[in-house]
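Step one of this worksheet: look at the structure below.
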Amino acid sequence: MSDRAQWHERHRARPERSAPSPFVARHAARVARRLPGAPALDLACGSGRHSILLAEHGFRTVALDYAASACRRVAEDDGRILAVVADAAALPFRATTFALIVQTRFLDRAIIPELLRLLVRGGELLIETFLVAQYEATGHPRRSFCLEPGELARLCGATAVAVEIVEMHEGLVGHGDDAAHLAAIAVRKV
């Protein structure tokens, strides 16, 4: 079964929607106060935990995933959200479209320059995803989908788009079964 088919089946089964990331929740609230009602993108939205959070903060929210079942669920669960079925490697948006982009527990290193290009000046990109330590501890996700220490800051700084780091951290986040080794960064387009 292909990766796409596996994700479609997973979301078709309507897995439990976990709570939003505290990192994303904190920064989304801050950006919403600074840019009320602005457009936001939840990239690889999955169950929609961050899409719904963004809509609750008043963002005009777009939820994107390549699993049609994920997008269908998000659209059914919250009518404020525009769900788009698309591949992250071929984003269907114009430059300077979003004030906030959220990407969690998904990694495609090649699209980071494009994500920064999609931001309006002063817009922010929030990324929180797995470190290699997560793979080493659990074998999941695949090592190629995990970041080396310091890699996320290098990826965000190695583009033609000027950014400033608002916050960055790496390490073990959460407790018990929910604990994961994550890298997180909030960068603002200048």
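The values are calculated or read from the model by the stated rules, or taken from the named source; none is laboratory data. Just so it is clear, the model here is predicted, and its values are computed rather than measured. Heads up, the Cβs are rebuilt from the backbone with ideal geometry, glycines too, and the neighbour counts pull from every protein chain shown.
Quick one: how many residues across region 135-168 are closer than 19 Å to residue 30 by Cβ and surrounded by 13 or more Cβ atoms within 10 Å (Cβ to Cβ)? Step through it out loud before you land on a result.
So in region 135-168, the residues closer than 19 Å to residue 30 by Cβ come out as 156, 163-168.
In the following step, the residues that additionally are surrounded by 13 or more Cβ atoms within 10 Å (Cβ to Cβ) were identified as 156, 163, 165-168.
Going through region 135-168 one residue at a time, the tally reaches 6.
Mind telling me which of the residues 94, 30, 72 ends up being over 13 Å from the mean Cα position of the chain (by Cα), closer than 19 Å to residue 126 by Cβ and either surrounded by fewer than 18 Cβ atoms within 10 Å (Cβ to Cβ) or free of Cβ contacts under 8 Å to residues at least 40 places away in the same chain (or both)? Reasoning before the result, please.
On the way: 94 fails: closer than 19 Å to residue 126 by Cβ; 72 fails: closer than 19 Å to residue 126 by Cβ.
Among 94, 30, 72, only 30 is over 13 Å from the mean Cα position of the chain (by Cα), closer than 19 Å to residue 126 by Cβ and either surrounded by fewer than 18 Cβ atoms within 10 Å (Cβ to Cβ) or free of Cβ contacts under 8 Å to residues at least 40 places away in the same chain (or both).
Out of 107, 131, 115, one residue alone is of a type in the set (A, V, I, L, M), under 17 Å from residue 168 (Cβ atoms) and under 10 Å from the mean Cα position of the chain (by Cα). It is 107.
Taking the condition part of a helix (DSSP H, G or I), surrounded by 17 or more Cβ atoms within 10 Å (Cβ to Cβ) and either at pLDDT 95 or above or in contact with a strand residue (DSSP E or B) (Cβ under 6 Å, 6 or more places away or on another chain) (or both), does residue 41 pass?
Working: part of a helix (DSSP H, G or I): no; surrounded by 17 or more Cβ atoms within 10 Å (Cβ to Cβ): yes; either at pLDDT 95 or above or in contact with a strand residue (DSSP E or B) (Cβ under 6 Å, 6 or more places away or on another chain) (or both): yes.
In short, no.
Taking region 1-32 as the range and being modelled with pLDDT of 95 or more and part of a helix (DSSP H, G or I) as the test, the residues that pass are 22, 23, 24, 25, 26, 27, 28, 29, 30, 31, 32.
Could you say whether any residue in region 54-61 is under 27 Å from residue 140 (Cβ atoms) and in contact with a strand residue (DSSP E or B) (Cβ under 9 Å, 6 or more places away or on another chain)?
As a first pass, look at region 54-61 and keep what is under 27 Å from residue 140 (Cβ atoms): 54.
Okay, now just the ones that are also in contact with a strand residue (DSSP E or B) (Cβ under 9 Å, 6 or more places away or on another chain), so 54.
There is at least one residue in region 54-61 that is under 27 Å from residue 140 (Cβ atoms) and in contact with a strand residue (DSSP E or B) (Cβ under 9 Å, 6 or more places away or on another chain).
Looking at this structure, is residue 160 free of Cβ contacts under 8 Å to residues at least 60 places away in the same chain, under 20 Å from residue 54 (Cα atoms) and aliphatic (A, V, I, L, M)? When the stated conditions are applied, residue 160 does not pass them. Of the strands (runs of 3 or more DSSP E) contained entirely in region 81-190, those carrying at least 1 residues that are among the charged types (D, E, K, R) and under 19 Å from residue 40 (Cβ atoms) fall at 119-130, 163-173, 180-189.
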